[in-house]
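The values are calculated or read from the model by the stated rules, or taken from the named source; none is laboratory data. What you see is a predicted model, and the numbers here were worked out from it, not measured in a lab. Here the Cβ is made from the backbone with ideal geometry for all residues, glycine too, and neighbour counts use every protein chain on show. When the accessible area is computed, the model is the full protein with side chains, heavy atoms only, and any ligands, DNA or RNA have been set aside. Shrake-Rupley method; radii C 1.70, N 1.55, O 1.52, S 1.80 Å.
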Amino acid sequence: MSYKTSLIKMAIKLTPNVMIVWVANIILKGIAELSDFSFDLDARTAYVQATLVGEAEAIEVWLEDFAVVSDEGAYKFIIHRAQSNRPWLNNLLSRIVGKAWQIPDIPQFAPHIGLVAELLKTASPEQDDN
C-alpha cells in the first residue's frame, strides 16, 4: 500500500460522520435529508439512511463488498451485496449487484483512477473474476 493510500484511508476514518451528513444535506437540500451514514473502507461496507422530500419514511441502503478492479487497462466498479428497506429499491439493486460496471475514461479523472483502484481493491483474488 502506498503512502498516499494510507494517508487517504486515515483521512476517511477520521472524518466525522456528522460532517458528512451536514455537507450532504447542504448538497441535497430540497431533494432529500441524510439522517445516518457510515462507511468502512477496510470492511468494504457502506450504509445510508435518507428521507426524500415529501416522504414520511426514510430509505435505508446497505452496501457490502464493493471494489474497483483493473481489467486489461480499464477499470470497473463492482458491488457484491446490496439491500434496502424498500422492495422497489431491492429490485433495482438486484440488477446491478454482481456486475462489473466499466468506469468511463474521463481525462480529468485519469491521473487519479489508479489511486482510487488501490483504495478500493478487492479483498480476495476470486472476486476479480466477475
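Data table
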{"quantity": "Pairs, first under 17 Å from Leu120 (Cα atoms) in segment 41-62, second of a type in the set (Gly, Ala, Ser) and in a loop (DSSP other than H, G, I, E, B), C-beta under 8 Å, six or more apart", "calculated": "Arg44/Ala123"}
{"quantity": "Identity of the residue in segment 84-103, at negative phi and of a type in the set (Gly, Ala, Ser), that ends up modelled with the lowest pLDDT", "calculated": "Ala100"}
{"quantity": "Boolean, Glu64 is within 17 Å of Leu119 (Cβ to Cβ), modelled with pLDDT of 95 or more and not aromatic (Phe, Trp, Tyr)", "calculated": "yes"}
{"quantity": "Count of segment 24-52 residues which are within 26 Å of Glu118 (Cα to Cα) and of a type outside the set (Ser, Thr, Tyr)", "calculated": "10"}
{"quantity": "Neighbours by Cβ (under 7 Å, 6+ apart or cross-chain): first from segment 104-130, at pLDDT below 85; second part of a helix (DSSP H, G or I) and not basic (Lys, Arg)", "calculated": "Thr122/Asp128"}
{"quantity": "Qualifying residue in segment 22-33 (condition: under 15 Å from the mean Cα position of the chain (by Cα), open to solvent by less than 40 Å² (accessible area, probe 1.4 Å) and at pLDDT 95 or above)", "calculated": "yes"}
{"quantity": "Segment 1-19 residues that are closer than 18 Å to Lys121 by Cα, paired with ones that are of a type in the set (Asp, Glu) (beta carbon under 8 Å, 6 or more apart)", "calculated": "Met1/Glu118; Ser2/Glu118; Thr5/Glu118; Lys9/Asp42"}
{"quantity": "Selection status of Glu57, at pLDDT 95 or above, within 12 Å of the chain's Cα centre (by Cα) and of a type in the set (Asp, Glu)", "calculated": "no"}
{"quantity": "Check on Val48, at pLDDT 95 or above and either hydrophobic (A, V, I, L, M, F, W, C) or surrounded by 12 or more Cβ atoms within 10 Å (Cβ to Cβ) (or both)", "calculated": "yes"}
